[in-house]
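Asker: Right, I'll just put the structure down here and ask away after.
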Amino acid sequence: MYIKSLSLSNYRNYQSLTLDLCQGTNIFYGNNGQGKTNLLEALFLCAIGKSFRYAKSGDLVFNGADRFKVSIQIAEDITEQIDISYTRKEEKIIRVNGLCLRKLGHLMGNLMAVIFSPEDLQLVNDGPAVRRRMMDIAISQIKASHYFNLTQYNKTLSQKNALLRKCNLQGNKSSLDMLDVYNEQLAESGAKIIVRRNQFIQLLSQFSKEKHKEIAPEENLEIYYQTDALPEGFFSEKVEDIKESFYQLLSSKKEKEIERMQSILGIHRDDIELKLNNSDLKRFGSQGQKRTAVLSMKLAELSILEKSTGRKPILLLDDVFSELDGLRQESLLKSIANFQTFITCTDVSELPDELLKNAQCFFVNSGCVVL
Ligand SMILES: Nc1ncnc2c1ncn2[C@@H]1O[C@H](COP(=O)(O)OP(=O)(O)O)[C@@H](O)[C@H]1O
Ligand SMILES: [Mg+2]
């Protein structure tokens, strides 16, 4: 599958735009602040229904307008058209092949996308939320049910926290019973999330290790899934066993949670541990080593999405080429050869000739795009 065309109406700094795209490499070049990343953002929006830049829907509307619309047409796939529209007064409306989706989660998997931008260094340097988001977006694109399990878990978690914030829970029978009900529900959705995250991280670890070795043969990248929802040393891949164990752990912490008036463990605290040559990458890795690790993870994500679904994701590369040295560029080129790719840069001369050979180049200048 590949995206044949993109249309924008009142999206960011684009009032009206229609672009025919090629199956291979599409390059958007131009000065800073012209709207290159906005184009990648619009494409990614069609994959997961949200901005990869954490922007709110209202921020995506062209200044002064009251609605935006983004549409893509897809070739060689059962999903032929995705439309996302948003009006300030209403909810976002998402259509796939003309049919309106009831829930955002139903969009997942129609178009799969992997984005790689300089901010992805946050995957190493920032807190666990960034890493959870990365794995959950990837998994949800493979299995939309993961997205629904997360929604369910988060809903129950906020209900449980609201209950814990109430005073005098101790000795209040009905509240304690309710706490058990919430814990049971958290264990139910949480166990499914754990199984998927664990499987994903095993694949990510294996694929990233190989990619990293290609670029830096003397380095060894290892990735581990970390959760405090299970007792230390616990191992099972069965949902039922995990659910039981998670529930037991939640039950054993009930008094502490009541005392602290908040939930103290669960999959909302999960993390991914990144180790390079047996040391913590965040603390001991150089800037270059971190970059290589992130590149390896992104390329691994691309392979995992393809291998798990038998379909090809699109790849969005935002200003990353110029930051990579020869070996990393080579590895990237090799890995992206068979994917539809969208690349932004300020100057095409900073891109390798091999990439430019078959690419379609678009010049982006304050919300206008010319071939
Ligand atoms: N809602 C909006 N309405 C109009 N212009 C916007 C909106 N959001 C961002 N912009 C403009 O988009 C430009 C940034 O676009 P971006 O794609 O990030 O640039 P770059 O080409 O550097 O990647 C800025 O000029 C900014 O003012
Ligand atoms: Mg940009």
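The values are calculated or read from the model by the stated rules, or taken from the named source; none is laboratory data. From a predicted model like this one, the values you see are computed outputs, not experimental measurements. Because the Cβ atoms are built from the backbone with ideal geometry, glycine has one as well, and the counts that use them run over all protein chains shown. Ligands, DNA and RNA are excluded from the accessible area calculation, which covers all protein heavy atoms including side chains. Shrake-Rupley method; radii C 1.70, N 1.55, O 1.52, S 1.80 Å.
Asker: Within segment 118-147, work out how many residues are modelled with pLDDT under 95 and hydroxyl-bearing (Ser, Thr, Tyr).
Answerer: Selection size over segment 118-147: 0.
Asker: Are any of the residues in segment 178-186 open to solvent by less than 50 Å² (accessible area, probe 1.4 Å), of a type in the set (A, V, I, L, M) and closer than 25 Å to Lys256 by Cβ? If you could, list the steps in order and put the result at the bottom.
Answerer: Filtering segment 178-186 down to residues open to solvent by less than 50 Å² (accessible area, probe 1.4 Å) leaves 179-180, 182-183, 186.
Still in the running and of a type in the set (A, V, I, L, M): 179, 186.
Subset that is closer than 25 Å to Lys256 by Cβ: 179, 186.
Among the residues of segment 178-186, at least one is open to solvent by less than 50 Å² (accessible area, probe 1.4 Å), of a type in the set (A, V, I, L, M) and closer than 25 Å to Lys256 by Cβ, which makes the answer yes.
Asker: Also, I was wondering about something else. Out of curiosity, is Ser251 assigned to a helix (DSSP H, G or I), free of Cβ contacts under 8 Å to residues at least 40 places away in the same chain and closer than 30 Å to Ala162 by Cβ? Give the steps one after another, and end with the answer.
Answerer: Working: assigned to a helix (DSSP H, G or I): yes; free of Cβ contacts under 8 Å to residues at least 40 places away in the same chain: no; closer than 30 Å to Ala162 by Cβ: yes.
For Ser251, the condition - assigned to a helix (DSSP H, G or I), free of Cβ contacts under 8 Å to residues at least 40 places away in the same chain and closer than 30 Å to Ala162 by Cβ - is not met.
Asker: In segment 50-61, which residues are more than 13 Å from ligand 2 (Cβ to nearest atom), over 24 Å from Lys4 (Cβ atoms) and crowded, with 16+ Cβ neighbours inside 10 Å?
Answerer: If the condition is that a residue be more than 13 Å from ligand 2 (Cβ to nearest atom), over 24 Å from Lys4 (Cβ atoms) and crowded, with 16+ Cβ neighbours inside 10 Å, then Ser57, Val61 are the ones that fit.
Asker: Which of the residues belonging to segment 180-216 are of a type in the set (S, T, N, Q), within 28 Å of Thr156 (Cβ to Cβ) and in contact (Cβ under 8 Å) with a residue 40 or more places away in the chain?
Answerer: Taking segment 180-216 as the starting set, the residues that turn out to be of a type in the set (S, T, N, Q) are 183, 185, 189, 198-199, 202, 205-206, 208.
Subset that is within 28 Å of Thr156 (Cβ to Cβ): 183, 185, 189, 198-199, 202.
If the condition is that a residue be of a type in the set (S, T, N, Q), within 28 Å of Thr156 (Cβ to Cβ) and in contact (Cβ under 8 Å) with a residue 40 or more places away in the chain, then Asn183, Ser189 are the ones that fit.
Asker: Scanning for something over 25 Å from Ser145 (Cα atoms) and either under 24 Å from the mean Cα position of the chain (by Cα) or in contact (Cβ under 8 Å) with a residue 60 or more places away in the chain (or both), does segment 236-243 turn up at least one residue?
Answerer: Residues of segment 236-243 that are over 25 Å from Ser145 (Cα atoms), as a first pass: none.
Among the residues of segment 236-243, not one is over 25 Å from Ser145 (Cα atoms) and either under 24 Å from the mean Cα position of the chain (by Cα) or in contact (Cβ under 8 Å) with a residue 60 or more places away in the chain (or both), which makes the answer no.
Asker: Output the residues belonging to segment 137-155 that are open to solvent by 20 Å² or more (accessible area, probe 1.4 Å) and either at positive phi or part of a helix (DSSP H, G or I) (or both).
Answerer: Restricting attention to segment 137-155, the residues satisfying the condition of being open to solvent by 20 Å² or more (accessible area, probe 1.4 Å) are 137, 142-145, 147-152, 154-155.
Hits for segment 137-155 are Ile137, Ile142, Ala144, Ser145, Tyr147, Phe148, Asn149, Leu150, Thr151, Gln152, Asn154, Lys155.
Asker: Among the helices (runs of 4 or more DSSP H) confined wholly to segment 255-371, which include 2 or more residues that are within 16 Å of ligand 2 (Cβ to nearest atom)? Before you say what the answer is, go through the steps one by one.
Answerer: Details: elements: 281-284, 287-309, 326-336, 353-357.
Here the list is empty.
Asker: Further question on the same structure: Could you please find all residues in segment 33-53 being of a type outside the set (A, V, I, L, M, F, W, C) and more than 10 Å from ligand 1 (Cβ to nearest atom)?
Answerer: From segment 33-53, those of a type outside the set (A, V, I, L, M, F, W, C) are 33-38, 41, 49-51, 53; that's our starting set.
Matches in segment 33-53: Gly49, Lys50, Ser51.
Asker: Return the pairs, sorted by first residue and then second, in which the second residue is within 16 Å of ligand 2 (Cβ to nearest atom) and assigned to a loop (DSSP other than H, G, I, E, B), the first residue lies in segment 92-117 and is open to solvent by less than 20 Å² (accessible area, probe 1.4 Å), the beta carbons are less than 6 Å apart, and the residues are 6+ apart or on different chains.
Answerer: Partner pairs satisfying both residue conditions: Ile115/Phe52; Phe116/Val320.
Asker: Are any residues in segment 261-302 of a type outside the set (A, V, I, L, M, F, W, C), open to solvent by less than 10 Å² (accessible area, probe 1.4 Å) and over 16 Å from the mean Cα position of the chain (by Cα), and if so, which ones?
Answerer: Gly266, Thr292
Asker: If you go through segment 6-49, how many residues are assigned to a loop (DSSP other than H, G, I, E, B), at negative phi and surrounded by fewer than 20 Cβ atoms within 10 Å (Cβ to Cβ)?
Answerer: Let us first name the residues in segment 6-49 that are assigned to a loop (DSSP other than H, G, I, E, B), namely 12-13, 21-24, 30-35, 49.
Then drop every residue that is not at negative phi, which leaves 13, 21-24, 31-32, 34.
Still in the running and surrounded by fewer than 20 Cβ atoms within 10 Å (Cβ to Cβ): 13, 22-24, 31-32.
Summing the residues that are assigned to a loop (DSSP other than H, G, I, E, B), at negative phi and surrounded by fewer than 20 Cβ atoms within 10 Å (Cβ to Cβ) in segment 6-49 gives 6.
Asker: Out of all the residues in segment 234-260, which are in contact with a Pro (Cβ under 9 Å, 6 or more places away or on another chain), open to solvent by less than 70 Å² (accessible area, probe 1.4 Å) and not small (Gly, Ala, Ser)?
Answerer: Scanning segment 234-260 gives a single hit, Leu249.
Listed here are the residues, each with its yes/no results for (1) within 16 Å of ligand 1 (Cβ to nearest atom); (2) open to solvent by 30 Å² or more (accessible area, probe 1.4 Å); (3) free of Cβ contacts under 8 Å to residues at least 60 places away in the same chain.
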| position | (1), (2), (3) |
| --- | --- |
| Asp319 | yes, yes, no |
| Ser322 | yes, yes, yes |
| Ser331 | no, no, no |
| Ala337 | no, yes, yes |
| Thr346 | yes, yes, no |
| Asn358 | no, yes, no |
| Phe362 | yes, no, no |
| Gly367 | yes, no, no |
| Val370 | yes, yes, yes |
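Asker: I'd like to verify a number: residues in segment 50-85 that are in contact (Cβ under 8 Å) with a residue 60 or more places away in the chain and in a strand (DSSP E or B), how many?
Answerer: So the count comes out to 8.
Asker: Still on this structure: How many of the residues in segment 307-317 are open to solvent by 20 Å² or more (accessible area, probe 1.4 Å) and closer than 16 Å to Gly24 by Cβ?
Answerer: Within segment 307-317, the first condition is being open to solvent by 20 Å² or more (accessible area, probe 1.4 Å), and the residues that meet it are 307-312.
Restricting the remaining residues to those that are closer than 16 Å to Gly24 by Cβ gives 312.
Number satisfying all stated conditions: 1.
Yes/no matrix, rows are residues, columns are (1) over 13 Å from Leu316 (Cα atoms); (2) within 20 Å of the chain's Cα centre (by Cα); (3) more than 14 Å from ligand 1 (Cβ to nearest atom); (4) among the aromatic types (Phe, Trp, Tyr):
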| site | (1), (2), (3), (4) |
| --- | --- |
| Asn13 | yes, no, no, no |
| Gly64 | yes, no, no, no |
| Phe68 | yes, no, no, yes |
| Gln73 | yes, no, yes, no |
| Cys100 | yes, no, yes, no |
| Ser117 | no, yes, no, no |
